[in-house]
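The values are calculated or read from the model by the stated rules, or taken from the named source; none is laboratory data. Remember, predicted model here, so these are calculated numbers, not experimental data. Cβ: placed from backbone, ideal geometry, glycine included. Neighbour counts: every protein chain shown.
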Amino acid sequence: MPAPRRLVVLVSGTGTLLQAVLDAAAEPGYPAAVVAVGADRAGTEGVERARRAGLPTFVEPLAEHPDRASWNRALLDRVRGFGPDVVVGAGFMKVVSPSFLDGLRCPMLNTHPSLLPSFPGAHAVRDALAAGVAVSGATVHRVDAGLDTGPVLGHAEVPVLPGDTETTLHERIKTEERRLLVEVIRRITRADARTAPRQPQT
Ligand code: GAR
């Protein structure tokens, strides 16, 4: 069996999606393993989850850099230092630059709480409720230079129920989103393991 593909996961919040990936990766035969977790701010529960799992962590706050280009370069150095095969934004609330994506030399995935291309951006659940849609959900997609515009790798639909608030709908979406993220990572890392040699670390 090929070695598990190396995931670096980026978080900004509570990290329940990260936890789902950690739990899946603990199962025998899952084709990917989390090798490091990074955040854009200190004190996140996501980074605490990683620490409890004994994983290396890093925090790279935008506010500690003179500009966004400097932050992107620093984040890239941190991520590349762990030799990832795939980078995963799991509730990571910052947009990375095209030069970050070019420099990665591996795919970056993102998970988002709407059925993209509907409701991109930071308030997807609120925007879906305001639009009055009957069905929303989650998307896992490959990150490109746009805001939540990259190729869709998987969708999970979730009905909007009468009386839903942003919190209740988001929680139901996240239940499906965790399952979707685990499955998409399984699919793409399994295919990757069959076709690509491990990226050399430089
Ligand atoms: C998830 O719903 C994720 O899609 C969303 O943040 C939540 C993180 O949950 N990300 C975005 O909205 C990115 N635009 P978690 O911290 O419990 O894993």
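ARG190 meets the stated requirement of being of a type in the set (D, E, K, R) and modelled with pLDDT under 95.
Looking at this structure, is ARG80 among the basic types (Lys, Arg), surrounded by fewer than 16 Cβ atoms within 10 Å (Cβ to Cβ) and either out of contact with any strand residue (DSSP E or B) (no Cβ under 8 Å at 6 or more places or on another chain) or farther than 30 Å from PRO162 by Cβ (or both)? Taking the combined requirement at face value, the residue does not satisfy it.
Name every residue in segment 126-141 that is assigned to a helix (DSSP H, G or I) and either near the ligand (Cβ under 8 Å from one of its atoms) or surrounded by fewer than 22 Cβ atoms within 10 Å (Cβ to Cβ) (or both), in order of residue number. Across segment 126-141, the qualifying residues are ARG126, ASP127, LEU129, ALA130, ALA131.
All conditions but one from (1) aliphatic (A, V, I, L, M); (2) more than 15 Å from the ligand (Cβ to nearest atom); (3) surrounded by 15 or more Cβ atoms within 10 Å (Cβ to Cβ) apply to VAL21; the one that does not is (2).
So, PRO107, is that one within 12 Å of the ligand (Cβ to nearest atom), modelled with pLDDT of 95 or more and either surrounded by fewer than 20 Cβ atoms within 10 Å (Cβ to Cβ) or closer than 18 Å to LEU17 by Cβ (or both) or not? When the stated conditions are applied, PRO107 does not pass them. Among all residues of segment 63-77, there is none that is at pLDDT 95 or above and within 24 Å of LYS174 (Cβ to Cβ).
All of (1) more than 15 Å from the chain's Cα centre (by Cα); (2) surrounded by fewer than 20 Cβ atoms within 10 Å (Cβ to Cβ) hold for LEU115 with one exception: (2). Scanning segment 110-125 for residues that are within 11 Å of the ligand (Cβ to nearest atom) and part of a loop (DSSP other than H, G, I, E, B) yields a count of 8.
Taking segment 20-49 as the range and being under 14 Å from the mean Cα position of the chain (by Cα), in a helix (DSSP H, G or I) and over 18 Å from THR189 (Cα atoms) as the test, the residues that pass are GLY46, VAL47.
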